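Input: a single structure, listed below in structure tokens.
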Amino acid sequence: MTLNPFNTLTGRMVLVTIGAVLLSYGIAFAIYANERGAALRRAAEQSVVERVAFTAERLRDTTAADRRALVESVRDYAIRYDIDETPRVSDGIGGGAGARIARGVAERLPNTQVWAQTRTVETRSRRFRMRDDRPPPLDQPPSAPAERDRRFAPPPDDAPRVRTTEVRLSVELSEGSWLNVRAHLPGPRPAPLSVLAAAIVSVIVVGVGAALVSRQIGRPLAQLTEAARALGSGQTNVTAPVSGPDDVRRASSAFNTMAERLGHQLNRQRQMLWALSHDLRTPITAIRLRAELIEDDAERQRLLASVQEMETLTEQALALARAGASEEARVVVDLAEIARTLCGELQDIGIAVSADAPTALMVECRPSEIARAARNLAENAAKYGGGGLMRVYRDGAHAVIEVSDDGPGVAPELLQQLTAPFFRADSARSSTINGAGLGLAIAQAIAEAHGGRLTLENRTPHGLSAKLILPA
């Protein structure tokens, strides 16, 4: 039987815990990324404000004839300056990053007209570096102009294109002189690897912790489940280990108390039934002896038949009381061999039951009890169906002993009652067959004592199929 780990307590607790941690990290990371991006944007915008305001102040202190030469000498990383007689932006300050930068420049330069425009463009990434674009060796330092030209050179044509925010500014220097600025704000930055690494480590640590905690709960529950299964199979001396958290310990203690009381009650009932069955043998034997002294043959036979029925009822009642409570050890046996041997013995005494069990099927069980249950099914098939076929086969994780007959079958509404003690559906089958009505009840008790079950169903077009299903 394949066990799905996500259907266990440990699997689900680990899954839920990891899911909760991932969700919380996702929300925290989204908030962090948003705040980080906003902080980087504010820092970049403030940098542009300071650099543009500083450049404008220098140009104002310079004569109009020298301003163009000064602008050409300014080499800024992401900002381009130009002097013109008219502003290139003349429709206000708009919104977004350009508006914030324009207001910042206007605050730094009082009584100055500042116009701004913002748009999103695609440019080549300046972070891209070609293999040949490396700094020279340390023993050959480049000249300052060469290094400056290399740093501020435009990116190569094969650089990847990225989306950035372009801000255009027009700052009035004096009448008829405007400083036109084009600045590119940096695009979104990748998430820091340290945050991702911390998230992965946290998920692993929390998952391992959840597995350990759930294991402390799951192991006592699994032991409690096994004890409950053993109690349900008819064992009376069953106890569950008291361990784990307080809630699980209380549940185990309550189960042990219940199992002890139930065991005492079952033992008392079985002992009483055994004693009653044993004590009935003495008066039944006395009645038989007196019946043998009756001279009238017909009367003697009727009385002996009644005595025989009482003996059969007593023996079957005792067998039902013992079903599932046998002290026989469980061993691994071949069910096919049991079926073949049993059918051979039944054929020797005139019961028409054949075996179809060519393949060995090894199962751990109490052999005598399984043989008793199979014998009851075979005798029922022979009595009520005129003969039967016993098949042994594997069905998934179960071993099946199926006894089928070609009799009239049973009314569907009576199928569930066939395993009840002393119930006989004689009206549906043969009213001439006598019996105590305990054969199927005994077979069901034996099957349940082995952790299995007994199923009954009608066959098509007629007949009955009884299946003794056991764990393989």
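The values are calculated or read from the model by the stated rules, or taken from the named source; none is laboratory data. Keep in mind the model is a prediction, meaning the values are calculated, not measured. With ideal geometry, Cβ positions are generated from the backbone for all residues, glycine too; neighbour counts draw on all protein chains shown.
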What number of residues within region 297-333 satisfy the criterion of being more than 14 Å from Ile284 (Cβ to Cβ), modelled with pLDDT of 75 or more and crowded, with 17+ Cβ neighbours inside 10 Å? 1
When residues of region 358-388 are limited to those that are polar (S, T, N, Q) and surrounded by fewer than 17 Cβ atoms within 10 Å (Cβ to Cβ), the one nearest to Ala441 (Cα to Cα): Ser368
Quick one: Asn111 ticks every box in (1) in contact with a helix residue (DSSP H, G or I) (Cβ under 7 Å, 6 or more places away or on another chain); (2) free of Cβ contacts under 8 Å to residues at least 24 places away in the same chain; (3) in a loop (DSSP other than H, G, I, E, B) except a single one, so which number is it? (1)
Specify the residue that is farthest from the chain's Cα centre (by Cα); the eligible residues are those in region 331-371 that are over 25 Å from Gly407 (Cα atoms) and of a type in the set (Ser, Thr, Tyr). Ser368
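Test Thr62 against the stated conditions and say whether it is surrounded by 13 or more Cβ atoms within 10 Å (Cβ to Cβ), assigned to a strand (DSSP E or B) and in contact with a helix residue (DSSP H, G or I) (Cβ under 6 Å, 6 or more places away or on another chain). Please lay out each step first, then the result.
On the way: surrounded by 13 or more Cβ atoms within 10 Å (Cβ to Cβ): yes; assigned to a strand (DSSP E or B): no; in contact with a helix residue (DSSP H, G or I) (Cβ under 6 Å, 6 or more places away or on another chain): yes.
Judged against the criteria, Thr62 is not a match.
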Looking at region 23-37, which of its residues are in contact (Cβ under 8 Å) with a residue 60 or more places away in the chain and within 18 Å of Ser202 (Cα to Cα)? Tyr25, Phe29, Tyr32
Of the residues in region 350-374, those that are out of contact with any Lys or Arg (no Cβ under 8 Å at 6 or more places or on another chain) and under 15 Å from Val333 (Cβ atoms) come to Thr359, Ala360, Met362, Val363, Pro367, Ser368, Glu369, Ile370, Ala371, Arg372, Ala373, Ala374
Quick one: in region 1-22, of everything that is of a type in the set (S, T, N, Q) and either within 10 Å of the chain's Cα centre (by Cα) or in a helix (DSSP H, G or I) (or both), which residue is modelled with the highest pLDDT? Thr17
Among (1) part of a helix (DSSP H, G or I); (2) surrounded by 15 or more Cβ atoms within 10 Å (Cβ to Cβ); (3) charged (D, E, K, R), Arg391 falls short only on (1)
Given the conditions (1) assigned by TED's automatic domain parsing to the domain that holds Glu166; (2) of a type in the set (A, V, I, L, M); (3) surrounded by fewer than 18 Cβ atoms within 10 Å (Cβ to Cβ), and given that Leu9 satisfies all but one, which numbered condition is not satisfied? (1)
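Looking at region 95-120 only, could you name the residues that are among the hydrophobic types (A, V, I, L, M, F, W, C) and under 13 Å from Glu50 (Cβ atoms)?
At the first step, the residues of region 95-120 found to be among the hydrophobic types (A, V, I, L, M, F, W, C) are 97, 99, 101-102, 105-106, 109, 114-116.
Hits for region 95-120 are Ile101, Val105, Leu109.
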Please enumerate the residues belonging to region 266-293 that are exposed (fewer than 11 other Cβ atoms within 10 Å of the Cβ) and among the β-branched types (Val, Ile, Thr). Thr282
